[in-house]
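*Asks:* Have a look at this one before I ask anything.
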Amino acid sequence: MDYLKELVILLLGPYLILLCRRVSGEQISGKGVINLAHRQSKWTPLMQTSANLSDITSIRSFFEFRTLDPEGAVFYGDTKEGQDWFVLSLRDGIPEMQIGKADILVSVKGGRKLNDGAWHLLEVRSEGKFVVLEVNNNVELIVGLHSKLAEDELTGKIRLALGGMLVDKQKLFHPFEPEMDACIRGGHWLNLSTPWDADSTWEHQHCFSEIKKGSYFPGTGVAMFNTSDLPGLKTEEAGITVEIFGSWTGTTLSLQSTGFEYVLRELEGNKDVKEVQLGLKEGSESVAPPHEPATLTFTILKHSLVVNSKPELETESLDFFSMWKNGMLLTFGGVPVDTIFCDSEEAKNTHYLRGCLEKILVQGQVIDLDRALYKHTAVSSHSCPTEAMNELT
């Protein structure tokens, strides 16, 4: 990889990846199985629809919902082009409703935790000045509000959306992280039967019939972090540790900075792990990532890299602590160049990770892939299939 590609990866990587994706802009049914996890934009809804308020005869929507994700946007609706709006989300696994109407903002959280991996029947309905949330036919939340500035008679359109919001996040009374690794099925949205408009980057992704906790890499795509956004050095003796628990094969992780690249991967057909250093003469081999459930510990010291207590690279010419603090790309599941240059030989010869990472720790802190600088839409942040091809749709 030449110097120009290095700069592209470090500066523009997450944005150029979008160029490799198919633009669909499809219309899809709101009654089928919908995976909310696989979208590019944080706040842009996965899908949305609208209708004239004069055509609405039911003020009740219900759907089945399943997730292991503790936080994210589920269902949104508004009138008057977003002047009055509503959003249902999860926080700590518990339902939260926020409503903006005229001069009033309301946020209410309560009820049972829903991020248990089981299917739950959710119903949202309006009862005059109250919005009601039912879970499995039991009332969990009731939010009431009244504004003297609000109009009693509404005209115009109503908009509905899944997995995001149609108003600026600054309007939220209680901000939250919108990414939601969840599935919805059997939706009935008011009395509407028209197709929903999917986000332009939408691609149909399966929902698995049985799931377990973890982050699933299907053999396509990566999750990229800037190390300056991750936990930093505590003591020089202990260094910086990245611990990975699970079962997988392929490229476990890679580190990139200007003039430097390190790749920890299992090559097809053998147990060797390949390591590449740009701008360095040193080279070595390291232990293979596990196929069976295991733990891999990657330790960064001031002048060396260590895998499972075995030194892999030692160089006095680099200060890895400073590089980590100033910002390197830490990529799980592959190498950024393989993802960005989608028509190149690098992309054709890539070895993406395939498997379930049950937990990723950096300096002992759990890493949420929803907080990644970039995450491919095929990677699931909070759920793994109990079997590799156990697909619902």
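*Asks:* Cβ under 14 Å from residue 364's Cβ, residue 364 left aside: what net charge do those residues give with Lys, Arg +1 and Asp, Glu -1?
*Replies:* For residues surrounding residue 364, the net value is +1.
*Asks:* Now a separate question. Return the Cα extents of the stretch 27-204 along principal axes one, two and three, sorted largest first, each rounded to a whole Å.
*Replies:* 41, 33, 32
*Asks:* What is the local net charge at residue 95, summed over the other residues whose Cβ is closer than 12 Å to its Cβ (Lys, Arg +1; Asp, Glu -1)?
*Replies:* Charge balance in the 12 Å sphere: -2.
*Asks:* Another question about this same structure. Given 109/157; 80/169; 148/171; 31/171, which pairs have Cα atoms separated by over 22 Å?
*Replies:* Correct reply: 109/157; 31/171.
*Asks:* Place a label point 7 angstrom from the Cα of residue 213 along the Cα-to-Cβ direction, then list the residues of the stretch 155-197 whose backbone nitrogen is under 17 Å away.
*Replies:* Answer for the stretch 155-197: 181-182.
*Asks:* To the nearest 0.05, what FRET efficiency results for residue 53 and residue 185 with a Förster distance of 22 Å applied to their C-beta separation? The partial results should precede the final answer.
*Replies:* Numbers: r = 27 Å, r/R0 = 1.23.
E(calc), rounded to 0.05, equals 0.20.
*Asks:* Also, I was wondering about something else. Need one number: nm distance between label points at residue 170 and residue 157, each 7 Å from Cα along Cα→Cβ, rounded to one decimal.
*Replies:* Result for the modelled spin labels: 2.4 nm.
*Asks:* Between beta-carbons, use under 12 Å as the cut-off and find the net charge around residue 196, counting Lys and Arg +1, Asp and Glu -1.
*Replies:* On the way: positive: 31, 159; negative: 26, 197, 199.
Computed value for this residue: -1.
*Asks:* To continue, here is another question. What are the residues whose amide H is under 5 Å from the amide H of residue 30, where those residues sit 5 or more places off or on another chain and H is modelled from the backbone?
*Replies:* 196
*Asks:* What residue among 67, 183, 114 has its Cα farthest toward the positive end of the dipole of the stretch 27-204, where the charges are +1 on Lys, Arg and -1 on Asp, Glu, each on the Cβ?
*Replies:* Of the candidates, 114 comes out farthest on the positive side.
Laboratory data are not the source of any read-out in this text; all were calculated from the coordinates shown. Only a predicted model underlies this, so the values are computations on that prediction, with no experimental measurement involved. A quick note on method: Cβ atoms are made from the backbone with ideal geometry, for glycine too, and the neighbour counts reach across all protein chains shown.
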